[in-house]
1. Answer with yes or no whether L62 is within 30 Å of G10 (Cβ to Cβ) and surrounded by 10 or more Cβ atoms within 10 Å (Cβ to Cβ).
2. List pairs: first residue in segment 37-50 and at pLDDT below 90, second residue part of a loop (DSSP other than H, G, I, E, B) anywhere in the structure, Cβ distance under 8 angstrom, at least six positions apart or on different chains.
3. Quick check on E24: is it surrounded by 10 or more Cβ atoms within 10 Å (Cβ to Cβ), touching a strand residue (DSSP E or B) at 6+ places or on another chain (Cβ under 8 Å), outside any loop (DSSP other than H, G, I, E, B) and without any contact (Cβ under 8 Å) to a residue 40 or more places away in the chain?
4. Tell me which residues, restricted to segment 72-101, are among the basic types (K, R) and surrounded by 11 or more Cβ atoms within 10 Å (Cβ to Cβ).
5. Checking the structure you have, find out if any residue of segment 52-72 is touching a helix residue (DSSP H, G or I) at 6+ places or on another chain (Cβ under 9 Å) and touching a residue at least 60 places away in the same chain (Cβ under 8 Å).
Amino acid sequence: MVYDVLRHRGRDVTGLPLRALLQELFAPVLAAGVLALGMQTLDEAEARSWYATMHVAGVEGLEIKATDSRYEGSARGWQKLKYRTSVEAVVSGYVGRPGRPSGLLPGRNGDRSLC
């Protein structure tokens, strides 16, 4: 899988719209038949259908991106629609042995609060 491509052939590609980036990165290998891109659609009903059925195949969820969007680092302009709710946390402490902790002290990155 390819995620967050920042440079391609020595050039910064973070300013390219998603559609142009995908074309630049994958057109040569798609033509050769050695790669398959993930499913893409502009049809909301089709995306909803995928979301309703893809979990049985072990898919984590959908990644929702506008085709003219650009990579913005930590701006989180793209959305993940997951089947399970999760929280990203920083572990700032633990209870128990270092190799086998029995409890963790999580903190949420950025808002200085405990989970």
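The values are calculated or read from the model by the stated rules, or taken from the named source; none is laboratory data. Since we're looking at a predicted model, the values are computed, not measured. No Cβ is skipped: glycine too gets one built from the backbone with ideal geometry, and neighbour counts run over all protein chains shown.
1. no
2. Every condition considered, the pairs that remain are L42/T67.
3. It is true that E24 is surrounded by 10 or more Cβ atoms within 10 Å (Cβ to Cβ), touching a strand residue (DSSP E or B) at 6+ places or on another chain (Cβ under 8 Å), outside any loop (DSSP other than H, G, I, E, B) and without any contact (Cβ under 8 Å) to a residue 40 or more places away in the chain.
4. Listed by number, the residues that qualify are K80, K82.
5. Yes; the residues of segment 52-72 include at least one that is touching a helix residue (DSSP H, G or I) at 6+ places or on another chain (Cβ under 9 Å) and touching a residue at least 60 places away in the same chain (Cβ under 8 Å).
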